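Trainee: Shown below is the structure under consideration.
The values are calculated or read from the model by the stated rules, or taken from the named source; none is laboratory data. What you see is a predicted model; the values in this text were computed from it and never measured. Virtual Cβ from ideal backbone geometry, glycine too; neighbours counted across all protein chains shown.
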Amino acid sequence: MPKVSRWRTKALLVALFLFSALLLIACQKTTSTPQSIFGGKGDHAREIQSLFVPIIWIAGVVFVFVEGLLIFALFRFRAKAGQAKPAQIHGNTKLELVWTIIPILLLAGIAVPTLSQIHKFAQPAGPGALTIKVTAHQWWWQFEYPEEKIVTANELHIPVGRQVNVLLESADVIHSFWVPQLAGKQDVIPTHTNRRVFTALEVGTYLGQCAEFCGLSHANMHLRVMAQTPEDYDAWLKAQQAPAPAPTTELAIQGKELFSRSACIGCHTVESVPAARGKIGPNLSHIGSRTTIAAGMLDNTPESMAKWLKDPAAVKPNMGTMPGYSMPNMNLSDGQINVLVAFLESLK
Ligand code: CUA
């Protein structure tokens, strides 16, 4: 083998090795990848997977076969020194028919189950479904349960085994509602209501993510779906419907007093504070009962609440002073933050 050719073969092998290594990195157990589409825990996600897996196998076989032929031809029919010009032909009708008809049959075969699934996904929810109005904001999610008369944010509680009828609206730009373990993506478009109907099949907390670029903190627009047993869901619902307990500690009482005369009330609703009926930011009536704050960016602890109030943009980058773009910095003193945290955490 000439020197140059050997060098090329080696380079090709290294490239192939790196490429396969890159492919293998993507293979992980779903336990460490909570936003994996595989091993779905919702009917919708499982149906998508039942389509995706056979299609990826068909595509894989086609890819290996076609690329294999190509690589074989590249090496087998290389021009050699002193070789005469090969016979010049114009097309091959038989071959061309074969490689046109086979893809048509494959695509038609894939289209049948795909179209029937699309049709199925477009069906309205059945009777007894739990309707939740989801409003996407830059950069958080509002969940309103119209029949149950509660409003919460970023953590969606649903009962396992009951169909959920999610109505999606946007307060500003285009977002996309995506909880990979439960259901496929659905765009959230201003001035238009989209729908996503699904049923959670197993108890668990499922991570979701806005899946349409919507500005600076798009990647920080998380949501969580807490799929609970019907009993746990009912208990959660009752607690949300009831007023939050009145603050008992001196700090929390001062916090409530400060909150009710601060700019916070212009953006946030807190049922127990009559003046606080703002709608721009998340409803905080039961903020203390959530597991996370700042659209899932921080665990809900007094320390992270203080960090969030001190400098929201340091946690979730925003457009600073532009209204409607995430939490502004209220320039609160440490003392003010201290009492506000005590009050907010008391809102169980
Ligand atoms: Cu909302 Cu991306």
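Trainee: Run residue 171 past the list (1) within 15 Å of the ligand (Cβ to nearest atom); (2) within 22 Å of residue 35 (Cα to Cα) and report the number of the one that doesn't hold.
Mentor: Every listed condition holds for residue 171 apart from (2).
Trainee: I'd like the residue in the stretch 192-215 that is in a loop (DSSP other than H, G, I, E, B) and within 16 Å of the ligand (Cβ to nearest atom) and, out of all such residues, is surrounded by the most Cβ atoms within 10 Å (Cβ to Cβ). Don't jump to the end; show me each part of the working.
Mentor: Looking only at the stretch 192-215, we keep the residues that are in a loop (DSSP other than H, G, I, E, B), and these are 192-193, 201-203, 210-215.
Keeping just the survivors that are within 16 Å of the ligand (Cβ to nearest atom) gives 192, 210-215.
On the way: 192: 11, 210: 27, 211: 20, 212: 19, 213: 11, 214: 21, 215: 17.
My answer is 210.
Trainee: Filtering the stretch 174-191 down to residues that are in a loop (DSSP other than H, G, I, E, B), within 15 Å of the ligand (Cβ to nearest atom) and among the β-branched types (Val, Ile, Thr), which residue is surrounded by the most Cβ atoms within 10 Å (Cβ to Cβ)?
Mentor: 179
Trainee: Only one of 193, 199 is at pLDDT 95 or above, assigned by TED's automatic domain parsing to the domain that holds residue 230 and in contact with a helix residue (DSSP H, G or I) (Cβ under 6 Å, 6 or more places away or on another chain). Can you tell me which?
Mentor: Sole residue among the options that is at pLDDT 95 or above, assigned by TED's automatic domain parsing to the domain that holds residue 230 and in contact with a helix residue (DSSP H, G or I) (Cβ under 6 Å, 6 or more places away or on another chain): 199.
Trainee: Restricting to the stretch 78-131, count the residues that are in the same structural domain as residue 51 (by TED's automatic domain parsing) and assigned to a loop (DSSP other than H, G, I, E, B).
Mentor: The number of residues fulfilling the criteria is 8.
Trainee: Mind listing whichever residues of the stretch 216-260 are touching a Lys or Arg at 6+ places or on another chain (Cβ under 8 Å), within 16 Å of the ligand (Cβ to nearest atom) and among the small types (Gly, Ala, Ser)?
Mentor: 217 - this is the single residue of the stretch 216-260 that is touching a Lys or Arg at 6+ places or on another chain (Cβ under 8 Å), within 16 Å of the ligand (Cβ to nearest atom) and among the small types (Gly, Ala, Ser).
Trainee: Being among the aliphatic types (A, V, I, L, M) and surrounded by 15 or more Cβ atoms within 10 Å (Cβ to Cβ) is the filter; apply it to the stretch 90-140 and report the residue that is nearest to the ligand (Cβ to nearest atom).
Mentor: Keep residues of the stretch 90-140 that are among the aliphatic types (A, V, I, L, M), which gives 95, 97-98, 101-102, 104-108, 110-112, 115, 118, 122, 125, 129-130, 132, 134, 136.
Then drop every residue that is not surrounded by 15 or more Cβ atoms within 10 Å (Cβ to Cβ), which leaves 106, 110, 125, 129-130, 132, 134, 136.
Values: 106: 34, 110: 30, 125: 24, 129: 25, 130: 23, 132: 18, 134: 12, 136: 6 Å.
That would be 136.
Trainee: Six or more apart or on different chains, Cβ atoms under 9 Å: show the pairs whose first residue is in the stretch 41-62 and touching a residue at least 12 places away in the same chain (Cβ under 8 Å) and whose second is surrounded by fewer than 13 Cβ atoms within 10 Å (Cβ to Cβ) and assigned to a helix (DSSP H, G or I).
Mentor: Close Cβ pairs (under 9 Å, with a partner that is surrounded by fewer than 13 Cβ atoms within 10 Å (Cβ to Cβ) and assigned to a helix (DSSP H, G or I)) amount to 47/120; 62/102; 62/103.
Trainee: Taking the options 326, 304, 272, name whichever one is within 24 Å of residue 156 (Cα to Cα), part of a helix (DSSP H, G or I) and modelled with pLDDT under 95.
Mentor: On the way: 326 fails: part of a helix (DSSP H, G or I); 272 fails: part of a helix (DSSP H, G or I).
Exactly one of 326, 304, 272 is within 24 Å of residue 156 (Cα to Cα), part of a helix (DSSP H, G or I) and modelled with pLDDT under 95, namely 304.
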